[in-house]
Every structure is written in C-alpha cells, then in structure tokens.
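For reference, the structure I am asking about is given below.
The values are calculated or read from the model by the stated rules, or taken from the named source; none is laboratory data. For clarity, every value in this text was computed on a predicted model and none was experimentally measured. All Cβ positions, even for glycine, are placed from backbone atoms using ideal geometry, and neighbour counts span all protein chains on display.
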Amino acid sequence: PVDLQASKLAGREILDETKYFTQRNTDYFRFDIKFGFRLNSNKRKISHTFYLDLQNVTNNKNIFQTRYNEEKQNIGQTYQIGFFPDVLYRIQF
C-alpha cells in the first residue's frame, strides 16, 4: 500500500513495505457473452466465421491499480475498461 504521508513529503509514490498484503481490492467481477457462427463452402473450400463478443456486460468497475497522484497529493485508483463490444470476421481458405 501507498504511504500517503511519506509520499507527500517525497513528492512521489512511497510504498509502506511493512503493510504488504494487509489490504485487498474489492472483488473482481466481469461477465462476458460471445455469439458466433460459421459458414462453410465445400465448393470453394472457404470458411467464414462471425463473432459478436460483449465484454463486461454489467459494466462493473474493476480496480486495475492504486497509485499516488503527485498533482492532487492523494491516493487514487485506476479502473479497467467497462463494457466493450467487439466484432470479428474471419475468413479461412
């Protein structure tokens, strides 16, 4: 964990090594859904694949890291990406 007082005095992030593994982030939760289908052509020996991938459908804010912010002089958290739709088309021959 970040030692806030020492970080303010030093002007950069200082970690409190005596408190390693004493704090935990909130539980990680991410629900993904993926839909897909494939079209095969025996004459041309080509396969078309289409996917719709919906990542983090619930848009849950999962903590990526906790860092000291030098400008604001406080401890802040950075979060992973929220809901993210992804479309894929693949052709194989």
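Among the candidates VAL2, VAL87, single out the residue that is at pLDDT below 95 and among the hydrophobic types (A, V, I, L, M, F, W, C).
Details: VAL87 fails: at pLDDT below 95.
It is VAL2.
Within the bounds of region 58-65, is there any residue that is out of contact with any helix residue (DSSP H, G or I) (no Cβ under 9 Å at 6 or more places or on another chain), more than 30 Å from GLN5 (Cα to Cα) and either aliphatic (A, V, I, L, M) or loosely packed, with under 13 Cβ neighbours inside 10 Å (or both)? Reasoning before the result, please.
Start the filter on region 58-65 by keeping residues that are out of contact with any helix residue (DSSP H, G or I) (no Cβ under 9 Å at 6 or more places or on another chain), which leaves 58-65.
Checking which are more than 30 Å from GLN5 (Cα to Cα) leaves us with 58-60.
Adding the requirement that they be either aliphatic (A, V, I, L, M) or loosely packed, with under 13 Cβ neighbours inside 10 Å (or both) leaves 58-59.
Yes, that holds for at least one residue.
Inside region 66-93, can you point out the residues that are free of Cβ contacts under 8 Å to residues at least 12 places away in the same chain and either over 30 Å from SER7 (Cα atoms) or exposed (fewer than 11 other Cβ atoms within 10 Å of the Cβ) (or both)? Outline the logic, then answer.
Let us first name the residues in region 66-93 that are free of Cβ contacts under 8 Å to residues at least 12 places away in the same chain, namely 69, 71-72, 76.
Across region 66-93, the qualifying residues are GLU71, LYS72.
Just one of THR58, THR49, THR18 is at pLDDT below 95 and among the β-branched types (Val, Ile, Thr); which is it?
Details: THR58 fails: at pLDDT below 95; THR49 fails: at pLDDT below 95.
Every option except THR18 fails the conditions.
Would you be able to tell me the number of residues in region 10-54 that are free of Cβ contacts under 8 Å to residues at least 24 places away in the same chain, of a type in the set (Asp, Glu) and either part of a helix (DSSP H, G or I) or in contact with a Phe, Trp or Tyr (Cβ under 8 Å, 6 or more places away or on another chain) (or both)?
Qualifying residue count for the region: 1.
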